1. So which of 35, 54 ends up being assigned by TED's automatic domain parsing to the domain that holds residue 174, touching a helix residue (DSSP H, G or I) at 6+ places or on another chain (Cβ under 8 Å) and crowded, with 24+ Cβ neighbours inside 10 Å?
2. Counting only residues that are at pLDDT 95 or above, give me the helices (runs of 4 or more DSSP H) lying completely in the stretch 30-112 with at least 3 of them.
3. I'm checking my understanding of the structure. Among residues of the stretch 253-274 that are in contact with a helix residue (DSSP H, G or I) (Cβ under 7 Å, 6 or more places away or on another chain) and outside any helix (DSSP H, G or I), which one is modelled with the lowest pLDDT?
4. Hey, residue 238 hits all of (1) farther than 27 Å from residue 122 by Cβ; (2) touching a helix residue (DSSP H, G or I) at 6+ places or on another chain (Cβ under 6 Å); (3) surrounded by fewer than 22 Cβ atoms within 10 Å (Cβ to Cβ) but one; which does it fall short on?
5. Would you confirm whether or not the stretch 9-16 contains a residue that is within 16 Å of ligand 1 (Cβ to nearest atom), in the same structural domain as residue 192 (by TED's automatic domain parsing), at pLDDT below 95 and touching a helix residue (DSSP H, G or I) at 6+ places or on another chain (Cβ under 9 Å)?
6. Which residues, taken from the stretch 38-47, are touching a helix residue (DSSP H, G or I) at 6+ places or on another chain (Cβ under 9 Å) and more than 16 Å from ligand 1 (Cβ to nearest atom)?
7. Considering only residues that are in contact with a helix residue (DSSP H, G or I) (Cβ under 6 Å, 6 or more places away or on another chain), under 15 Å from residue 228 (Cα atoms) and away from ligand 1 (no atom under 16 Å from the Cβ), which ones fall in the stretch 17-31?
8. Provide a single number: the residues in the stretch 251-279 that are more than 15 Å from ligand 3 (Cβ to nearest atom), in contact (Cβ under 8 Å) with a residue 12 or more places away in the chain and surrounded by fewer than 21 Cβ atoms within 10 Å (Cβ to Cβ).
Ligand SMILES: [Fe+2]
Ligand SMILES: [Fe+2]
Ligand SMILES: [Fe+2]
Ligand SMILES: [Fe+2]
């Protein structure tokens, strides 16, 4: 079973962009513009599709680790962003992706300067050309806000970029960037045009869902989602891990396990579009605010539904707040429309929300959590037989986190795992 990695990468990068904008004031869609510029440069210098996939995806994810870096440095001073560390985490994360080409150094060296004054002190030629391309595109966009430049200002823009690049950007990458930066390119980088531009720019790329890298990237996505709110730093990742051991309990094969894990990791991805002030509001929510919160599932559905190979995953993920009684949201589906994995995720989501510490309730042990689940099952809202299975499988993890699948454990940053 195949997944369109190019489409999935775009959705993940969209989520990352929203967080970077919220937390760092980065401009909207920055990563997408960097990816489009990199794709044009790659094509100009004759890269084949595998090389283009690797380059553009690393461009989309060039700052993927900013949130993870901040999680482990939450107490630290954001101004003193440790460039090396976010490059190192970012490189490790992209290496989990099922590329058909080696991407060593692509993200690691995206802040190097040609004169060796970057965070790793590498001079031009000592780091991969792909890293130099990403660095040039990044710099051009960060300094000039390319989405806002009118076509008639192109000559000044080119002059400004030449000056800004100075001793920083690799000469070869800078030259290639200036070659592709024409009026048409500026037009296609505008917010209204960008989605279509980026879909065309990135080559088709598929991976087998059983590829271990899918599980790893699911773990990365889960961390990104959990980063959004300080109140739920492990909600998603725990639902994914709990789903994994339940999948083992049910004897799922590799494909089924990977699908369920990915659905669990993505179930709340739409929460990234929920405003933080509502997500973290102390006290009761108004009816309007609750309606905004509920919208997160519709976002999950909208973001995932176009991805080829993720049809089942999209359905399970976006059914997690549906009830067998037809009183759930966003679709108000009835019991007969809710298949086993949809029911399973709904149960695990409630279990996790009930057992984890929240501003309005302390952490609960397994017995207390199960009492609430049995009560909900009695009302006919969730599947009673799945609730019983949760009781059997999760009892040994009372007040303890379920560890990640072994495949992830070896690669997960211990600083993240130790977070409360
Ligand atoms: Fe960066
Ligand atoms: Fe950037
Ligand atoms: Fe949710
Ligand atoms: Fe959730």
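1. On the way: 54 fails: crowded, with 24+ Cβ neighbours inside 10 Å.
The match here is 35.
2. On the way: elements: 30-44, 49-60, 66-72, 83-94.
So the answer is 30-44, 49-60.
3. Taking the stretch 253-274 as the starting set, the residues that turn out to be in contact with a helix residue (DSSP H, G or I) (Cβ under 7 Å, 6 or more places away or on another chain) are 256-274.
Next, only the ones that are outside any helix (DSSP H, G or I) stay: 267-268, 274.
Details: 267: 97, 268: 96, 274: 93.
The qualifying residue modelled with the lowest pLDDT is 274.
4. Tallying (1) farther than 27 Å from residue 122 by Cβ; (2) touching a helix residue (DSSP H, G or I) at 6+ places or on another chain (Cβ under 6 Å); (3) surrounded by fewer than 22 Cβ atoms within 10 Å (Cβ to Cβ), residue 238 fails exactly one: (3).
5. Residues of the stretch 9-16 that are within 16 Å of ligand 1 (Cβ to nearest atom), as a first pass: 13, 16.
Retained after the next criterion (residues that are in the same structural domain as residue 192 (by TED's automatic domain parsing)): 13, 16.
Then keep just the ones that are at pLDDT below 95; that gives 13, 16.
Narrowing the set further to residues that are touching a helix residue (DSSP H, G or I) at 6+ places or on another chain (Cβ under 9 Å) leaves 13, 16.
Checked against the condition, which is being within 16 Å of ligand 1 (Cβ to nearest atom), in the same structural domain as residue 192 (by TED's automatic domain parsing), at pLDDT below 95 and touching a helix residue (DSSP H, G or I) at 6+ places or on another chain (Cβ under 9 Å), the stretch 9-16 yields at least one hit.
6. Pass one, the stretch 38-47, residues touching a helix residue (DSSP H, G or I) at 6+ places or on another chain (Cβ under 9 Å): 38-45, 47.
Those that are touching a helix residue (DSSP H, G or I) at 6+ places or on another chain (Cβ under 9 Å) and more than 16 Å from ligand 1 (Cβ to nearest atom): 39, 40, 41, 42, 43, 44, 45, 47.
7. Within the stretch 17-31, just 18 meets the criteria.
8. Step one: list which residues in the stretch 251-279 are more than 15 Å from ligand 3 (Cβ to nearest atom), which gives 251-262, 275-277.
Right, trim to in contact (Cβ under 8 Å) with a residue 12 or more places away in the chain and you get 254-255, 257-262, 275-276.
Now drop any that are not surrounded by fewer than 21 Cβ atoms within 10 Å (Cβ to Cβ), which leaves 254-255, 275-276.
Of the residues in that region, 4 qualify.
The values are calculated or read from the model by the stated rules, or taken from the named source; none is laboratory data. Bear in mind that the values here come from a model prediction, so they are computed numbers and not experimental data. We place every Cβ from the backbone using ideal geometry, glycine too, and count neighbours over all the protein chains shown.
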